[in-house]
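The structure under discussion appears below in the form of structure tokens.
Each reported figure results from applying straightforward, stated rules to the coordinates on display, with no laboratory input. Predicted model, so just to flag it, every value in this text is computed and none were measured. Heads up, the Cβs are rebuilt from the backbone with ideal geometry, glycines too, and the neighbour counts pull from every protein chain shown.
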């Protein structure tokens, strides 16, 4: 799925979800709710942990075409694994986001 802001492509995202956890999700669609709101509200899935890896890479031909940027432009490659409160993987997501449209921020508290 290509995501747009103000008619400009900013990221490409693919989610992989175990079908038996969310029966009817494809037919229902997401409408105005986020995927995670739908997990919790419609399927009673309590999300508890996200493991995310972010890497700066150069975009390839296909990504460049979809994002309307030159080949080898800097992008952020994000791999995300989301687990529920039982430790079951609920979603695996891969996203490629334009480097000129995204910032990465983290806040560490305590001894972080």
Extension gain from residue 2 to residue 21, taking 0.36 nm per residue of separation minus the Cα-Cα distance: 4.4 nm
Let's test this: bin the Cα-Cα distances of the range 14-106 at 5 Å from zero up to the farthest pair and state each bin's percent. 3, 12, 20, 18, 15, 14, 12, 5, 1
Footprinting exposure proxy for 39, 4 (fewest neighbouring C-beta atoms within 10 Å first): 4, 39
Starting from the Cα-Cα distance between residue 102 and residue 53, subtract it from 0.36 nm times their residue separation and give me the gain in nm to one decimal. 16.2 nm
Based on the Cβ-Cβ distance from residue 43 to residue 94, what FRET efficiency comes out when R0 is 22 Å, to the nearest 0.05? 0.50
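If contacts are Cα pairs under 8 angstrom and at least 6 residues apart, what is the relative contact order of the chain in percent?
It rounds to 28 percent for the chain.
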Which number do you get for Rg(Cα) / (2.2 N^0.38 Å) in the range 39-88? 1.65
